[in-house]
1. On the basis of being within 24 Å of Asp77 (Cα to Cα) and not polar (S, T, N, Q), does Leu151 make the cut?
2. Taking into account only those residues within segment 48-67 that are closer than 24 Å to Gly153 by Cα and within 14 Å of the chain's Cα centre (by Cα), which is surrounded by the most Cβ atoms within 10 Å (Cβ to Cβ)?
3. Can you name the number of the only condition in (1) out of contact with any helix residue (DSSP H, G or I) (no Cβ under 9 Å at 6 or more places or on another chain); (2) closer than 26 Å to Asp74 by Cα that Ala162 fails?
4. Can you confirm whether segment 146-158 contains a residue that is hydroxyl-bearing (Ser, Thr, Tyr) and either out of contact with any Asp or Glu (no Cβ under 7 Å at 6 or more places or on another chain) or more than 21 Å from Gly93 (Cα to Cα) (or both)?
5. List every residue pair whose Cβ atoms lie under 6 Å apart, where the two residues are 6 or more positions apart in sequence or sit on different chains, the first residue falls within segment 169-193 and is modelled with pLDDT under 90 and in a loop (DSSP other than H, G, I, E, B), and the second residue, located anywhere, is among the hydroxyl-bearing types (Ser, Thr, Tyr) and surrounded by fewer than 13 Cβ atoms within 10 Å (Cβ to Cβ).
6. Does Thr120 satisfy being of a type in the set (Val, Ile, Thr) and in contact with a helix residue (DSSP H, G or I) (Cβ under 9 Å, 6 or more places away or on another chain)?
7. Do we have any residue at all in segment 115-127 that's aliphatic (A, V, I, L, M), closer than 30 Å to Arg19 by Cα and touching a residue at least 60 places away in the same chain (Cβ under 8 Å)?
8. Give just the number: which of (1) at pLDDT 95 or above; (2) under 15 Å from the mean Cα position of the chain (by Cα); (3) buried (at least 17 other Cβ atoms within 10 Å of the Cβ) does Leu79 not satisfy?
Amino acid sequence: MRIAGLVLAGGLSSRMAPRNKLLESVGGETMVRRVATVALAGGAQPVIVVTGHEAASVAASLRGLAVAIVVNPDYADGLSTSLRAGLRALPAGIDGALILLGDMPGVETSVLTALMAAFTGPAAIRAPVRQGRRGNPVLWGSAYFAEMMGLTGDSGAKSLMARHEEHLMEVEVATDGIFEDVDLPEDLARLKR
């Protein structure tokens, strides 16, 4: 099955202003590069990075990686616009897409491979879980792409998950990286420790 990776990296980083959190160094590379590298190492193909805010700088930080970059001109209107831009950029014949958040550099390759191993086709939804708590990224079957295209505002596809609970399977993973997003300067400081 063909599973793409969509790295959503278009946000304003408003709570980190004036810094763009995606360009902050984590473990010697930018946060967004780290997430894109994990998507590639996990076997997603193609990997599409959706940029917006400071698009040129974000793209420059990805130089040398085998990723496609899509600029979302509507990034200021929220996360859903980046999701839609990424879905529009997918080639035909994709069975599913891993939706990765550019501000979650703690996600490990093992999480992606576990989700993909549990994936059964276009009607499937696979979410990582640790100790009863769901995290990110989520692997969505292509059957949901049309519905995802209808999302608006600054939210992802969480509302669709409740609507399609019968197709959702939780995949147990052994890392807290599925919960750790960087929104505030203190999140970044904790991560760097």
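The values are calculated or read from the model by the stated rules, or taken from the named source; none is laboratory data. Just so you know, these numbers come straight off a predicted model, no measurement behind them. All Cβ positions, glycine included, derive from the backbone under ideal geometry; neighbour counts span all protein chains shown.
1. Numbers: within 24 Å of Asp77 (Cα to Cα): yes; not polar (S, T, N, Q): yes.
For Leu151, the condition - within 24 Å of Asp77 (Cα to Cα) and not polar (S, T, N, Q) - is met.
2. The selected residue is Val49.
3. (2)
4. Here is the first cut: in segment 146-158, the residues hydroxyl-bearing (Ser, Thr, Tyr) are 152, 155.
Remaining after also requiring either out of contact with any Asp or Glu (no Cβ under 7 Å at 6 or more places or on another chain) or more than 21 Å from Gly93 (Cα to Cα) (or both): 152, 155.
Scanning segment 146-158 turns up at least one residue that is hydroxyl-bearing (Ser, Thr, Tyr) and either out of contact with any Asp or Glu (no Cβ under 7 Å at 6 or more places or on another chain) or more than 21 Å from Gly93 (Cα to Cα) (or both).
5. none
6. Values: of a type in the set (Val, Ile, Thr): yes; in contact with a helix residue (DSSP H, G or I) (Cβ under 9 Å, 6 or more places away or on another chain): no.
Criteria not met by Thr120.
7. At the first step, the residues of segment 115-127 found to be aliphatic (A, V, I, L, M) are 115-118, 123-125, 127.
Filter once more, so that each one left must be closer than 30 Å to Arg19 by Cα: none.
No, segment 115-127 contains no residue that is aliphatic (A, V, I, L, M), closer than 30 Å to Arg19 by Cα and touching a residue at least 60 places away in the same chain (Cβ under 8 Å).
8. (1)
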